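The values are calculated or read from the model by the stated rules, or taken from the named source; none is laboratory data. None of these values were measured; they are calculated from a predicted model. Every residue, glycine among them, receives a Cβ derived from its backbone with ideal geometry; neighbour counts consider all protein chains shown.
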Amino acid sequence: MFIYYLQLGLRSLKRNPILTTLMIVGIGLGIGASMTTLTVMYLMGSDPIPWKSDKLHYVQLDNWNPDKPYDEDGRPPDQISYRDAMALMEAAKADKQTAMFKTLLMIQPENPEVKPFEAVIRANYADFFAMFEPPFAYGGAWDRQQDAEHARVIVLTHDTNEKLFGGQNSVGKTVRMNGEDYHVVGVLTAWPLRSRYYDLTLGAFSAFNDPDEFFIPFTTGIDLKQYPYGSTRCWKSRGDDWDALLQSECVWIQMWVQLDSPARLAEYTAFLDNYVQEQKKLGRFPRPLNNRLLNVTQWMRDQHVIPRDVEVQTWLAFAFLAVCLVNTIGLLLAKFTRKTGEVGVRRALGASRRDVFTQFLIESSMVGLSGGLLGLVLTSLGLFVVRTLYTRYQAVAALDGAMIAMTIVLAIAAALLAGLYPTWRACRVQPATQLKV
Amino acid sequence: MEIRPIFSALMRNKVSMILIGAQVALTLAILCNALFIIGQRLTHMNRPSGMNEADTFHFSSLVFAPGFNLATTLQADLALLRQLPGVAAATPINSVPLSGIGWRANVKLQPQQKTATARTVVYPVDVQGLNTHGAKLIAGRDFKPAEVIEFNAEKHLQPTVVIVSKALADTLFPDGDALGKQIYLKDDPPPATIIGIVERMQASWINDDTSIENATFIPALLIDSGNQSSYLVRTEPGHRDEVMKAVEQKLAQANTGRIIQEMRSMEQTRREAYAGDRAMAIILAVVVSALLAITALGIIGMASFWVAQRTKQIGTRRALGATRGDILRYFQTENFIITTLGLIVGGILAYAFSFWLIQHYQTPRLPWHYVPIGFLCLWLLGQLAVLGPALRATRVPPVVATRSL
């Protein structure tokens, strides 16, 4: 029976090619627009490290101006000062912890073919690698001992290793930066992060959030006295030199801790509160207690990883899909109403309402499926346009298996939803009224 | 024109009428809000920076060879730049408008004042600074060579003279007497005296609406930022691209131990700064076009169906003496009624959508005139869309009435 209904549907769709095309194009456009925007939004906001996103917590402390909050809506500063970073690292109360910042350094490659270049360096503690789990191709992370020794060691990203060593295993080789040699201890494989969620302070998709090219120990990074390449915000005047920055209340360091259980989180929260209270006695932290320990997904929401424009585009695209659906309902209604005579004959010949219902629903889902396929093509086209318009969205404007399946399901659901009322109307046809001559 | 028969006919087709009406309503709501957002973005993108953007470009130089002196390099680079053919002016800079990076300072009128009176970007430049930017001095004077001071880590940055943008001057001194007044860029003395006011100069951050027009030029050569120096160059009109190439070559030759990077024309900087706004405007424009097309096609489809369904009635009316014009007007009036009902609901929906956007995204309120403009657009769209099927209806011959009875 299914095959027969398929044939009937096909024949009926062929009879009205313009109306059929109109319906398919309508659904296709609606699906294309909504899936393009939804894909971008979904991939931007997706959990980057689902197996431990609830264990990694971003540390925020409020050491800001007593007269003026850091943020109008009461959020504490998004980074911490060097003094607090040092105190928290030395206390080492979390299961794993890393302070970090970003800076720029001159690289002078030994290979004369590669021109000297300025590289983005992340200075972090050894725990960083165990916490965020970047995949290593060769070697591995440095250890806590090397953190303490201010070791001149370095971890290269995949791209940097390609650039400097042609992609070979470079562990044990040296890289010359700012006139000093650093030993390569590890090389990462490609690390396809959709957003660099471990540092959102410059905006997840902003033009200033350049990818990290090297990782060095935090302690070594401090020795270099290179000013951070990122946001440094101060509320008090400070001296202009490096030591003044280290002693100041300026915030420029990001701090993450890993807390393996809710109990550990509670302990760490208490520890932080206690730390701030102690500091208050020393005359620091003039504002009310306002510590935060957001986990990865909370932190991403807090920092608006999904830009407002993308959300607004998604809402508008779904409103557009609604228009396309209403359009399709109208057209299907017109189409099915025309066929009341045919329905009357089928009912008179013994088809039950259920049979007629199935027949028309199959016809609607054929429209939905074709619309979905067209929508899929339009979605890839749309994502291509998004990648062209927003050069920073390369990693989040791409279809994956889940989104392809979602597109087809959405299209069929949309067409069925649109077909439901017209089909129901068609089934209510009384055979007698249609058969009178 | 009798409206009553049209109403009676519509009442028999309630569902179809509601569907078209709903489509028109949603279309209006999306159209108004999308057009408003597009308009906002275009306005945003067209704000003048106060600079001569057509003939300027900027770049930075990073020296890696050991044993170099930033102060002498700066002076040598400037001398080299200024004697290049096609160069009109050149200045050392820290950042430029539209670049998104810069040095932000709180301006205070008293030392140790607790909260700042205004926020400003600080642009350190030398004597050719205003000239290179193309800033228009509307009061006071330009910097003198003796006023340009080198600042490094040991000497705290404390300019004694500044030139501010008019917007900043008006914020600090609303009475319009800013010239000659003293301000503090840090907590402690000495203060800086305002010696000049430029008509307009944007800050580096395009999304900071409250202080985007606040800019302060200081006469300073910054030599404490490691081994990097940045320059802004203005060329004779029409020679920018060739000068850019020449500069890259000449500077690299002058000192092989360095790299020239981030060479960009101001036009390119503007394009990059507003890439997001541009993308938003384009994407919404595409959605709006597709939306109007779908709605028009929907009206055509539905009207065609009605014409086909009523062929017999049309024939009867024609046989009873209705002219072709009567038939045409019938369908046009019918469309007008449905569209209008949809538009009324759509107007409410448009404001509801706008209100929702305000709540969630702090967007400005939809100005009232967007809705009437949307009404006009959709009335026109409806009339155009119904024209084809309606004309087909006028061609139904009266003889149809007598057939198959």
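Every residue in region B:41-100 that is part of a helix (DSSP H, G or I) and of a type outside the set (A, V, I, L, M), please. Break it down stepwise before answering.
Taking region B:41-100 as the starting set, the residues that turn out to be part of a helix (DSSP H, G or I) are B:41-45, B:70-83.
Matches in region B:41-100: B:Arg41, B:Thr43, B:His44, B:Thr72, B:Thr73, B:Gln75, B:Asp77, B:Arg82, B:Gln83.
Taking interchain pairs and intrachain pairs at least six residues apart, which have beta carbon atoms under 6 angstrom, with the first residue in region B:353-375 and at the interface with chain A (Cβ under 9 Å from one of its Cβ atoms) and the second in a helix (DSSP H, G or I)? From region B:353-375, the pairs are B:Phe353/B:Ala29; B:Phe353/B:Asn33; B:Tyr361/A:Arg308; B:Thr363/B:Leu357. Considering each residue of region B:390-404 in turn, none proves to be without any contact (Cβ under 8 Å) to a residue 24 or more places away in the chain, aliphatic (A, V, I, L, M) and in the same structural domain as B:Ala303 (by TED's automatic domain parsing).
Being touching a Ser or Thr at 6+ places or on another chain (Cβ under 7 Å), away from chain B (no Cβ under 13 Å), farther than 17 Å from A:Arg301 by Cα and among the aliphatic types (A, V, I, L, M): is that true of A:Ile24 here? So A:Ile24 does not fit the description; no.
Listed by first and then second residue, the pairs with beta-carbon distance under 7 Å, at least 6 apart or on different chains, first residue in region B:252-263 and within 10 Å of another protein chain (Cβ to nearest Cβ), second part of a strand (DSSP E or B) and exposed (fewer than 13 other Cβ atoms within 10 Å of the Cβ), form an empty list. Every condition in (1) touching a Ser or Thr at 6+ places or on another chain (Cβ under 9 Å); (2) surrounded by fewer than 15 Cβ atoms within 10 Å (Cβ to Cβ) holds for B:Asn69 except the one numbered (1).
Is region B:73-91 home to any residue that is within 11 Å of another protein chain (Cβ to nearest Cβ) and surrounded by fewer than 20 Cβ atoms within 10 Å (Cβ to Cβ)? The answer is no, given that none of the residues of region B:73-91 is within 11 Å of another protein chain (Cβ to nearest Cβ) and surrounded by fewer than 20 Cβ atoms within 10 Å (Cβ to Cβ). Contact annotation: no residue pair with Cβ atoms under 7 Å, 6 or more positions apart or on different chains, pairs a residue in region B:179-194 that is outside the structural domain of B:Pro124 (by TED's automatic domain parsing) and of a type outside the set (Lys, Arg) with a partner that is surrounded by 14 or more Cβ atoms within 10 Å (Cβ to Cβ) and outside any strand (DSSP E or B). Evaluate region A:168-190: report whether one residue or more is outside any strand (DSSP E or B) and under 24 Å from the mean Cα position of the chain (by Cα). Yes, the conditions are met somewhere in region A:168-190.
Within region A:416-425, restricting attention to residues that are hydrophobic (A, V, I, L, M, F, W, C) and more than 17 Å from B:Lys14 (Cβ to Cβ), which residue is farthest from the other protein chains (Cβ to nearest Cβ)?
Restricting attention to region A:416-425, the residues satisfying the condition of being hydrophobic (A, V, I, L, M, F, W, C) are A:416-418, A:420, A:424.
Still in the running and more than 17 Å from B:Lys14 (Cβ to Cβ): A:416-418, A:420.
Working: A:Leu416: 17, A:Leu417: 13, A:Ala418: 10, A:Leu420: 13 Å.
Only one residue fits best here, namely A:Leu416.
Out of region A:296-310, which residues are surrounded by fewer than 19 Cβ atoms within 10 Å (Cβ to Cβ), part of a helix (DSSP H, G or I) and more than 7 Å from chain B (Cβ to nearest Cβ)? Passing the criteria: A:Gln298, A:Arg301, A:Asp302. Does B:Ala22 satisfy the condition of being of a type in the set (Gly, Ala, Ser), over 29 Å from the mean Cα position of the chain (by Cα), assigned to a helix (DSSP H, G or I) and within 11 Å of another protein chain (Cβ to nearest Cβ)? The answer is yes for B:Ala22. Counting the residues of region A:330-347 that are within 7 Å of chain B (Cβ to nearest Cβ) and either crowded, with 24+ Cβ neighbours inside 10 Å or farther than 15 Å from A:Glu363 by Cα (or both) gives 2.
In the set (1) closer than 29 Å to A:Leu389 by Cα; (2) outside the structural domain of A:Ser370 (by TED's automatic domain parsing); (3) surrounded by fewer than 20 Cβ atoms within 10 Å (Cβ to Cβ), the condition left unmet by A:Lys102 is number (3). Identify, by number, the condition in (1) more than 25 Å from A:Arg11 (Cα to Cα); (2) surrounded by fewer than 17 Cβ atoms within 10 Å (Cβ to Cβ) that A:Leu369 doesn't meet. Here A:Leu369 meets the rest and fails (1).
Matching residues to (1) outside the structural domain of A:Pro228 (by TED's automatic domain parsing); (2) in a loop (DSSP other than H, G, I, E, B); (3) surrounded by 15 or more Cβ atoms within 10 Å (Cβ to Cβ):
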| site | (1), (2), (3) |
| --- | --- |
| A:Gly239 | no, yes, no |
| A:Leu245 | no, no, yes |
| A:Ala263 | no, no, no |
| A:Ala266 | no, no, no |
| A:Thr269 | no, no, yes |
| A:Leu272 | no, no, yes |
| A:Gln279 | no, no, yes |
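For (1) touching a residue at least 40 places away in the same chain (Cβ under 8 Å); (2) within 17 Å of A:Ala99 (Cα to Cα); (3) in contact with a Lys or Arg (Cβ under 7 Å, 6 or more places away or on another chain); (4) among the aliphatic types (A, V, I, L, M), each residue gets a yes or a no:
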position: A:Pro134; (1), (2), (3), (4): yes, yes, no, no
position: A:Asp143; (1), (2), (3), (4): no, yes, no, no
position: A:Arg152; (1), (2), (3), (4): yes, no, no, no
position: A:Val155; (1), (2), (3), (4): yes, yes, no, yes
position: A:Asp159; (1), (2), (3), (4): yes, no, no, no
position: A:Tyr198; (1), (2), (3), (4): yes, yes, no, no
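Taking the conditions (1) in contact (Cβ under 8 Å) with a residue 60 or more places away in the chain; (2) within 14 Å of another protein chain (Cβ to nearest Cβ); (3) over 24 Å from B:Phe151 (Cα atoms) in turn, B:Ser60 satisfies each one other than (3). For region B:353-363, state whether one or more residues are part of a helix (DSSP H, G or I) and more than 20 Å from B:Arg41 (Cβ to Cβ). Scanning region B:353-363, I find at least one residue that is part of a helix (DSSP H, G or I) and more than 20 Å from B:Arg41 (Cβ to Cβ), so the answer is yes. Identify all residues within region A:194-211 that are of a type outside the set (Lys, Arg), away from every other protein chain (no Cβ under 14 Å) and touching a helix residue (DSSP H, G or I) at 6+ places or on another chain (Cβ under 9 Å); write none if there are none. Within region A:194-211, A:Ser195, A:Tyr197, A:Tyr198, A:Leu200, A:Pro211 meet the criteria.
For region A:183-196, does any single residue satisfy the condition of being in the same structural domain as A:Met100 (by TED's automatic domain parsing), over 22 Å from A:Ile107 (Cβ atoms) and buried (at least 17 other Cβ atoms within 10 Å of the Cβ)?
Initially, region A:183-196 is screened for residues in the same structural domain as A:Met100 (by TED's automatic domain parsing), giving A:183-196.
Then keep just the ones that are over 22 Å from A:Ile107 (Cβ atoms); that gives A:192-195.
Within this subset, residues satisfying the condition of being buried (at least 17 other Cβ atoms within 10 Å of the Cβ) are A:194-195.
The answer is yes; a qualifying residue exists.
Please find, within region A:311-329, the residue that is nearest to B:Phe353 (Cα to Cα) out of those that are of a type outside the set (A, V, I, L, M), facing chain B (nearest Cβ under 9 Å) and surrounded by fewer than 22 Cβ atoms within 10 Å (Cβ to Cβ). Filtering first and then ranking leaves A:Trp315. Scoring B:Gly321 on the criteria (1) more than 9 Å from every other protein chain (Cβ to nearest Cβ); (2) free of Cβ contacts under 8 Å to residues at least 60 places away in the same chain; (3) within 16 Å of B:Leu378 (Cα to Cα) leaves a single failure, condition (3).
Among the residues of region A:94-127, what is the count of those that are more than 30 Å from the chain's Cα centre (by Cα) and either without any contact (Cβ under 8 Å) to a residue 24 or more places away in the chain or assigned to a loop (DSSP other than H, G, I, E, B) (or both)?
Step one: filter region A:94-127 for residues more than 30 Å from the chain's Cα centre (by Cα), giving A:106-116.
Those left that are additionally either without any contact (Cβ under 8 Å) to a residue 24 or more places away in the chain or assigned to a loop (DSSP other than H, G, I, E, B) (or both): A:108-116.
Selection size over region A:94-127: 9.
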